[in-house]
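Below is one structure, written out as structure tokens; comments come after it.
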Amino acid sequence: MAPKFGTSGLRGLVTELTDALVADYTRAFLAACPHNGTIHLGWDLRDSSPRIADAVAGAAKGEGVNVVPVGEVPTPALALAAMAGETAAIMVTGSHIPADRNGLKFYVPTGEITKGDEGRITAALGREAKGLDAAEEPRLDLPDLYAARYVKAFGPAALAGLRVGVYEHSSVARDILTRLVTALGGEAVPLARSDSFVPVDTEAVDADTREMFAGWCAEHGLSALISTDGDADRPMVTDDTGRIVPGDVLGPLTAEMLGAQVIVTPVSSNTAVSRMGFGRVDLTRIGSPFVIAGMEAVRAADPAAQVVGYEANGGFLLGFEAAGPAGPLPPLMTRDSVLPIVAPLARAVAEGTSLSELVATLPARFTAADRLTGIESAASGAFIEAMTEDPARRAAFFDTGSDETAMDTTDGLRVTFAGGEVVHLRPSGNAPEFRCYTEADSPERAQALLERHLAALRGALG
């Protein structure tokens with residue numbers, strides 16, 4: 001795919017992310033956005049990432065901007081360090097997409113770039129290099145500092161008695177997760193470490209992988225299995241039975257433990273959150289920039305608001321200083337994977353229950369999600385437009401056995417049917433993918449709806 005740029009960053013085929021293109025985007029970012037003379041630079045475990053990071057560093061130093069190399073580090077850890085130092089940051093990662101692709105994520109001193117920043121960066125492309133030579137500062141040992149954030153907040157016995165599998169694959173957080181489980185009093189069981197990059201999408205886990213997870217939990221007697229996507233801004237958690245706990249379940253469980261009162265989450269998230277007694281739930285378009293904008297609007301109206309945000313993929317954003325069981329937990333306004341892993345597990349320990357039993361206390365609403373790949377945006381956009389405009393076409397396409405009762409076009413096409421079942425269709429904004437989300441009163445029904453409508457999408461989109 002040709003490189004695409006948006007608020008999730010720049011993504012494209014490795015062969016098309018040339019040093020010249022990477023340098024152009026780096027110079028444009030530094031010209032368009034605040035950085036206070038320094039960037040923190042990190043990268044994931046893809047083979048192509050060190051080369052791309054070298055191109056970023058060379059371009060930044062050539063603009064007179066100092067570079068602090070952080071190395072192989074989770075994206076939220078990089079963002080945390082940059083925000084603490086009031087600098088910008090660039091993360092070299094393609095997140096969950098395959099190894100033949102990669103990308104850049106950009107952070108200003110206050111956090112992720114906004115839609116406004118995106119426009120300014122695009123307008124600044126094509127600038128001449130200044131030809132300067134700034135410094136490369138000593139490499140920062142960030143992983144231990146990032147893990148310490150959670151040990152201080154939750155305490156050394158937070159996971160006592162738990163035997164936690166760590167699905168390592170090629171997650172840049174794999175070593176941090178193992179050390180963190182141990183530091184929090186649990187027993188870590190490392191599993192399936194990979195020397196080659198494995199694209200893990202926390203929202204689209206296939207049946208064979210789910211079966212593998214259940215097998216590991218039974219074989220090793222696990223209390224839970226934890227992992228992340230490639231750059232560790234999205235968690236993946238199973239309960240003690242090996243069943244995946246979706247991100248939009250981890251989110252409200254974490255929010256409850258931290259005492260949050262206002263929730264900001266995309267329209268695709270599980271609607272159980274609206275039945276859990278939070279003071280307010282605001283729904284946004286899908287994507288962390290929209291969640292952050294919603295959280296910032298809440299904080300502008302009430303600076304003391306206890307607001308959090310999360311996405312269906314599990315990335316969690318903390319908008320206030322929360323009180324952890326052992327100490328304070330400062331805000332982190334970027335997607336984080338570690339907090340929604342640790343908090344539900346620590347809560348289960350504190351309440352003397354299992355994670356599966358804790359999840360069972362939530363309102364009985366269940367989601368499923370997956371995607372079709374290789375679907376270009378022109379085709380998917382035309383399909384959504386035609387479906388939105390034509391009720392007869394929707395009636396012919398959707399197969400739930402119930403009549404349509406509501407349609408929401410906040411982001412894609414989300415249709416609610418009599419009885420409360422939901423099917424949500426959404427083309428990806430930064431990859432040739434088409435996502436489908438479903439919701440029902442049982443996990444089996446949600447999965448059946450998903451499989452049925454993915455098959456229908458394959459037929460309609462080829």
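The residues listed here are Pro190, Pro199, Pro156; of these, the one that is assigned by TED's automatic domain parsing to the domain that holds Leu329, part of a loop (DSSP other than H, G, I, E, B) and surrounded by fewer than 16 Cβ atoms within 10 Å (Cβ to Cβ) is Pro156. For the stretch 59-85, a residue qualifies if it is touching a strand residue (DSSP E or B) at 6+ places or on another chain (Cβ under 9 Å), small (Gly, Ala, Ser) and in a helix (DSSP H, G or I), and the qualifying residues are Ala60, Ala77, Ala79, Ala81, Ala82, Gly85. Mind listing just one residue for me: the one in the stretch 134-153 that is over 13 Å from Pro74 (Cβ atoms) and modelled with pLDDT of 95 or more and, of those, surrounded by the most Cβ atoms within 10 Å (Cβ to Cβ)? Looking at residues that are over 13 Å from Pro74 (Cβ atoms) and modelled with pLDDT of 95 or more, I get Ala153.
Cβ-Cβ distances below 7 Å connect no pair with a first residue in the stretch 289-317 that is touching a residue at least 12 places away in the same chain (Cβ under 8 Å) and among the hydroxyl-bearing types (Ser, Thr, Tyr), a second residue that is part of a loop (DSSP other than H, G, I, E, B) and surrounded by fewer than 18 Cβ atoms within 10 Å (Cβ to Cβ), and a separation of six or more residues or different chains. Looking at the stretch 330-340, can you tell me whether even one residue there is surrounded by 17 or more Cβ atoms within 10 Å (Cβ to Cβ), in contact with a His (Cβ under 6 Å, 6 or more places away or on another chain), closer than 27 Å to Gly251 by Cβ and at pLDDT 95 or above? No, every residue in the stretch 330-340 fails to be surrounded by 17 or more Cβ atoms within 10 Å (Cβ to Cβ), in contact with a His (Cβ under 6 Å, 6 or more places away or on another chain), closer than 27 Å to Gly251 by Cβ and at pLDDT 95 or above. Within the stretch 434-449, the set of residues being surrounded by fewer than 22 Cβ atoms within 10 Å (Cβ to Cβ) and not basic (Lys, Arg) comprises Asp441, Ser442, Pro443, Glu444, Gln447, Ala448. Here Asp399, Asp403, Asp408 are screened, and the one residue that is surrounded by fewer than 16 Cβ atoms within 10 Å (Cβ to Cβ), of a type outside the set (Gly, Ala, Ser) and either assigned by TED's automatic domain parsing to the domain that holds Val291 or closer than 16 Å to Gly459 by Cα (or both) is Asp399. Screening Pro50 with (1) touching a strand residue (DSSP E or B) at 6+ places or on another chain (Cβ under 6 Å); (2) more than 23 Å from Pro330 (Cβ to Cβ) gives one miss only, at (1).
Of the residues making up the stretch 20-53, those that are within 17 Å of Gly94 (Cβ to Cβ), among the charged types (D, E, K, R) and surrounded by fewer than 24 Cβ atoms within 10 Å (Cβ to Cβ) are Asp47, Arg51.
Is it true that Thr209 is of a type in the set (Ser, Thr, Tyr) and more than 30 Å from Ala326 (Cβ to Cβ)?
The answer is yes for Thr209.
Within the set Gly131, Gly126, the sole residue that is surrounded by fewer than 21 Cβ atoms within 10 Å (Cβ to Cβ), part of a loop (DSSP other than H, G, I, E, B) and modelled with pLDDT of 95 or more turns out to be Gly126. Restricting to the stretch 346-377, give me the number of residues that are among the polar types (S, T, N, Q), over 16 Å from Asp240 (Cβ atoms) and in contact (Cβ under 8 Å) with a residue 60 or more places away in the chain. The total comes to 2. Quick check: is even one residue across the stretch 396-417 assigned to a helix (DSSP H, G or I), of a type outside the set (Lys, Arg) and over 21 Å from Ile375 (Cα atoms)? The answer is yes, given that some residue of the stretch 396-417 is assigned to a helix (DSSP H, G or I), of a type outside the set (Lys, Arg) and over 21 Å from Ile375 (Cα atoms). Residue check: Arg11 meets all listed conditions (1) surrounded by 19 or more Cβ atoms within 10 Å (Cβ to Cβ); (2) assigned to a helix (DSSP H, G or I); (3) touching a strand residue (DSSP E or B) at 6+ places or on another chain (Cβ under 7 Å) but one, namely (2). Highlighted here are the strands (runs of 3 or more DSSP E) found entirely within the stretch 271-331 that include at least 1 residues which are in the same structural domain as Ile226 (by TED's automatic domain parsing) and farther than 20 Å from Thr410 by Cα: 307-310, 316-318.
Taken together, the criteria exclude Gly62 from residues that are surrounded by fewer than 21 Cβ atoms within 10 Å (Cβ to Cβ), more than 18 Å from the chain's Cα centre (by Cα) and under 18 Å from Ala148 (Cβ atoms). Listed by first and then second residue, the pairs linking a residue in the stretch 115-136 that is in the same structural domain as Pro34 (by TED's automatic domain parsing) and closer than 15 Å to Thr26 by Cβ to a residue that is of a type in the set (Val, Ile, Thr) and at pLDDT 95 or above, with Cβ atoms under 6 Å apart and 6 or more places separating them unless they lie on different chains, are Ala134/Val65; Glu136/Val67.
The values are calculated or read from the model by the stated rules, or taken from the named source; none is laboratory data. For clarity, every value in this text was computed on a predicted model and none was experimentally measured. Methodologically, a virtual Cβ is constructed for each residue, glycine included, from the backbone with ideal geometry; neighbour enumeration extends over all protein chains shown.
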